[in-house]
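Novice: Shown below is the structure under consideration.
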Amino acid sequence: TSAVYPPGSIFKLVTALAALQRGKITAHTTFNCPGHFRLNRRSRPFRCWWSQGHGPLDLYRALERSCNVYFYRVGRLVGPDALAETARELGFGQSFQLEMTNLVPGLVPDSVWKKNHLKEKWYEGETLSFAVGQSYLQVSPLQVLRLSAIIAKNGEWVEPKLIRNPLLHEPHLKKKIAIKEEHLKIIRQGMLKVVQSDYGTGQLARVDFNEIAAKTGTAQAPPRDPHAWITGFFPYKDPEIAFVVLVEHGGSGGITAARIAKQAIEIWQGMNQPPPVPVTP
């Protein structure tokens, strides 16, 4: 609640929603990933984490494999200000009304913010980094958790509360975010592939008793190792919980964080599954 981090590839969920909402892409828009992307002949290459390249991908497979090149291209189509607008719509860059102190809002940058605070113009290369959850972007784990809950609840706004007894918790008024349900459905289907597909970056979070939807992230934090992220919801078809795992300087989100998420869901399942029915001899 009191610290913020670059989200890395989990922010690709936001980038995808920003593009879908504005008609820049559809679920079947395809881009080719040769392992890198250049803005022009003289620019430095922006690398994909898979140096060999993923080849042609639509949005579902780009989320599944967390292809950087796909989202560089999408981010360039959308632009920094639209990325920032969608991020704020999903709760980033703002604090919570939670019953505790030291809740930080994080930072969602845009071209106006940079001009006002750094006295510099926004460069196109920064948009590419922003689109994959780097650049000046800073988020809290609780904000990421809310993102997954909103996606799982088909766009219903989530305002976390601290409660002593869930049975005494007063229901809140339902509010929907301004993102189309069909676009949220596309994102949920992509998140399902992240875990359940044999090509998914989050397959180490897979369990054998139900389906999980998630997104991994490996956020650069030089000079130390990257932060490892995974966030999502469970079960896929009728979600009951949202989750987030952040391991500071933990390396790969698809390895370190995904394994912890699997353990947590297995424990949750063990605590909440119905007792076995006695067998009559």
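The values are calculated or read from the model by the stated rules, or taken from the named source; none is laboratory data. A quick note: this is a predicted structure, and the numbers were derived from the prediction, not measured. Cβ placement follows ideal geometry from the backbone for every residue including glycine, while neighbour counts extend to all protein chains displayed. We work out accessible area using only protein heavy atoms, side chains counted, and drop any ligands, DNA or RNA first. Shrake-Rupley method; radii C 1.70, N 1.55, O 1.52, S 1.80 Å.
Novice: Compare the peptides 131-142, 104-115 by average per-residue count of other Cβ atoms within 10 angstrom and give them in order, highest first.
Specialist: Sorting 131-142, 104-115 by mean packing, highest first, produces 131-142, 104-115.
Novice: Moving on to the next point. Nearest 20 debye, what's the magnitude of the dipole of the stretch 64-203 about its Cα centre given +1 on Lys and Arg Cβ and -1 on Asp and Glu Cβ?
Specialist: The calculated dipole for the stretch 64-203 is roughly 100 debye.
Novice: I would also like to ask the following. Taking the Cβ-Cβ separation of L107 and S43 as r and a Förster radius of 30 Å, what is the calculated FRET efficiency to the nearest 0.05?
Specialist: Numbers: r = 26 Å, r/R0 = 0.85.
FRET efficiency, L107 to S43: 0.70.
Novice: Specify the residue with the greatest mean-square fluctuation among G232, G253, G125, computed from a Gaussian network of the chain linking alpha-carbon atoms under 10 Å apart.
Specialist: G125
Novice: Would you rank T231, T218 by solvent-accessible area, highest first, keeping every protein chain in place and using a 1.4 Å probe?
Specialist: Details: T231 0, T218 50 Å².
Reading off the accessible areas and sorting them downward yields T218, T231.
Novice: May I pose another question? Let me know the shape class of the stretch 161-263, please: from the alpha-carbon gyration tensor, a ≥ b ≥ c as square roots of the eigenvalues, rounded when a/c is under 1.5, otherwise prolate if a/b is greater than b/c, or oblate.
Specialist: Prolate.
Novice: Does the stretch 63-157 come out rounded, prolate or oblate by the C-alpha gyration tensor, with a ≥ b ≥ c the root eigenvalues, rounded set by a/c under 1.5 and, if not, prolate when a/b is larger than b/c and oblate if not?
Specialist: Verdict is oblate for the stretch 63-157.
Novice: On to the next question. Which residue, K175, K262, K193, has the most motion in a Gaussian network model of the chain that connects Cα atoms within less than 10 Å?
Specialist: K175
Novice: What are the chymotrypsin sites (Phe, Trp or Tyr not before Pro) within the stretch 186-278 that DSSP puts in a loop, where the Cβ has at most 15 other Cβ atoms within 10 Å?
Specialist: Hits after loop and neighbour filter: Y199, F209.
Novice: In the stretch 67-132, which GluC sites (Glu not before Pro) fall in coil by DSSP and have 15 or fewer other Cβ atoms within 10 Å?
Specialist: Working: sites: E85, E89, E99, E120, E124, E126; in loops: E99, E120.
Hits after loop and neighbour filter: E99, E120.
Novice: Could you check the spin-label model distance between R88 and Y199? Points 7 Å from the Cα along Cα→Cβ, value in nm.
Specialist: 3.7
Novice: Here's something else I'd like to know. Please name whichever of Y5, Q273, A149 sits farthest to the positive end of the charge dipole of the chain, dipole taken about the Cα centre and charges placed at Cβ: Lys and Arg +1, Asp and Glu -1.
Specialist: The Cα lying farthest towards the positive end belongs to Y5.
Novice: What does the C-alpha gyration tensor say about the overall shape of the stretch 195-254? Classify as rounded when a/c is under 1.5, otherwise prolate if a/b is larger than b/c, or oblate.
Specialist: It is prolate, given that a/c is not under 1.5 and a/b is the larger ratio.
Novice: Can you pull out the trypsin sites (Lys or Arg not before Pro) in the stretch 1-59 that DSSP calls coil and that have at most 10 other Cβ atoms within 10 Å?
Specialist: Passing sites in the stretch 1-59 are R41, R42.
Novice: Further question on the same structure: About its Cα centre, how strong a charge dipole does the chain have in debye, to the nearest 20, once Lys and Arg get +1 and Asp and Glu get -1 at the Cβ?
Specialist: Values: 34 positive and 23 negative charges, 195 e Å.
Dipole of the chain, to the nearest 20 debye: 940 debye.
Novice: I would also like to ask the following. Top mean-square fluctuation among A84, A213, A221, Gaussian network model of the chain, C-alpha springs under 10 Å?
Specialist: Among A84, A213, A221, the largest mean-square fluctuation in the Gaussian network model of the chain belongs to A221.
Novice: 7 Å from Cα along Cα→Cβ at both Q97 and D81: what's the point-to-point distance in nm?
Specialist: Each label point lies 7 Å from its Cα, and together they span 3.0 nm.
Novice: Then there is this: Starting from the 7 Å offset along Cα-to-Cβ, what nm value, one decimal, do you get for the label separation of K176 and H36?
Specialist: That separation, rounded to one decimal, is 4.6 nm.
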